[in-house]
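Every read-out reported here was derived from the displayed coordinates using simple, explicitly stated rules and does not represent laboratory data. Remember, predicted model here, so these are calculated numbers, not experimental data. All Cβ positions, glycine included, derive from the backbone under ideal geometry; neighbour counts span all protein chains shown.
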Amino acid sequence: MRVQPTAAGSLATEAAPIAASRRDMIGTLRFIRYAFMPNRLRYCGGDDERTLFDYAVAREADAGLTPLVRRFTGALPYLQLIARSNGIADPFDERVVEAYWIGNELLEGVEVRQLYDALLERFGKQLQGGTKAVVLGKAPAGANPHHSFHVFDIHRRLGELESTMDTLDRCRVSWGRVVRVEGGEVALERQPLELREGRLVLGSPRQERALRAIDGRGFIDEPAPGSWVTVHWGWVCEELDARQRVNIERYTRRHIAIANTTL
């Protein structure tokens, strides 16, 4: 069965060979799990919120999805850099998508010079003087093309979003332990991003609520209490295994430390 967006933005099925196998498109579907909510809030991507949501809920994809995700011009250059540096043809390969949003060994395959050159090409004309030097200096300081790096060191310097602690905390991909599920919401324990004595830190865990479904539909099955999930802009994206849980904290803490050197 092939899943296609209709003109109204809903999904229909038809008996036809799929244009791209589900295996080939699984990374693209995973990308939507994280990109959906900022797209819904009109921070990035095109005007395709409903179609993207329906694709991800159906967990099926075809080639019609590719041009939609390529409209996420904030994330795409990082995905392309990670893929190119690791000899991977598809920037939406599942391993590449995971590297950008969560973190994995592919980030270590991006050399300092490759990241430096990519930052210079992309932001060199937007940033001036000392700000430009600060951003370019993050590559030799140990930064990776991870979403947390863009949030902590790029977003606020480009003026793309309001530079508040709440915005930084909601924009980064965070993680939390599920306490209970209450309908379309999840109560979870999560470490908030805080500013203490002029430095970014992860605070003590506190119980918060995150949205997991809209009109009864979401991207994951009901998570069990004690399981770990990722959260982006107040939306539950996916469950984490032990490896992913370690990686997202590792790369988030790394980029907090790098950001603190030039706050």
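Structural remarks
- Near the amide H of Leu240, within less than 5 Å, lie the amide hydrogens of Trp228, Val229, Thr230, all on another chain or at least 5 residues away, with H placed in the peptide plane.
- For the chain, size of Cβ-based charge dipole, Lys and Arg +1, Asp and Glu -1, in debye: 620 debye
- Rotationally averaged projected area of segment 165-260 (alpha carbon convex hull; nm²): 6.0 nm²
- Under the Karplus curve 6.51 cos²θ - 1.76 cosθ + 1.60, θ = phi - 60°, whole-Hz ³J(HN,Hα) for segment 87-103, x wherever Gly or Pro sits: x, 10, 6, 9, x, 9, 3, 4, 5, 5, 4, 4, 4, 6, 7, 10, x
- Rounded to 0.05, the FRET efficiency of the Thr73 and Asn260 pair, given R0 = 35 Å and the Cβ-Cβ distance, is 0.80.
- The dipole here belongs to segment 175-263: it is taken about the Cα centre, uses +1 on the Cβ of Lys and Arg and -1 on the Cβ of Asp and Glu, and is about 440 debye.
- Rounded Å value of the spacing that divides the Cα centres of segment 170-189 and segment 233-250: 11 Å
- Rounded to 10°, Cα long-axis angle of helix 22-40 versus longest principal axis of the chain: 70 degrees
- Estimated [θ] at 222 nm from DSSP helical runs (n ≥ 4, -39500 (n - 2.57)) normalised by residues in the chain, nearest 500: -11000 deg cm²/dmol
- Net charge contributed by nearby residues that have their C-beta within less than 13 Å of Arg70 (K/R +1, D/E -1): -1
- Within the chain, longest stretch free of exposed GluC sites (Glu not before Pro) [DSSP loop, at most 12 other beta carbons within 10 Å]: 1-110
- The GNM of the chain, with springs linking C-alpha atoms under 10 angstrom apart, assigns the highest mean-square fluctuation among Leu200, Leu106, Leu41 to Leu41.
- In whole angstrom, the chain maps to an equivalent ellipsoid with semi-axes of 29, 23, 16, each derived as √(5λ) from the alpha carbon gyration tensor and ordered largest first.
- Positive dipole terminus of segment 165-260, leading residue within Ala224, Ala242, Ala187 (C-beta point charges): Ala242
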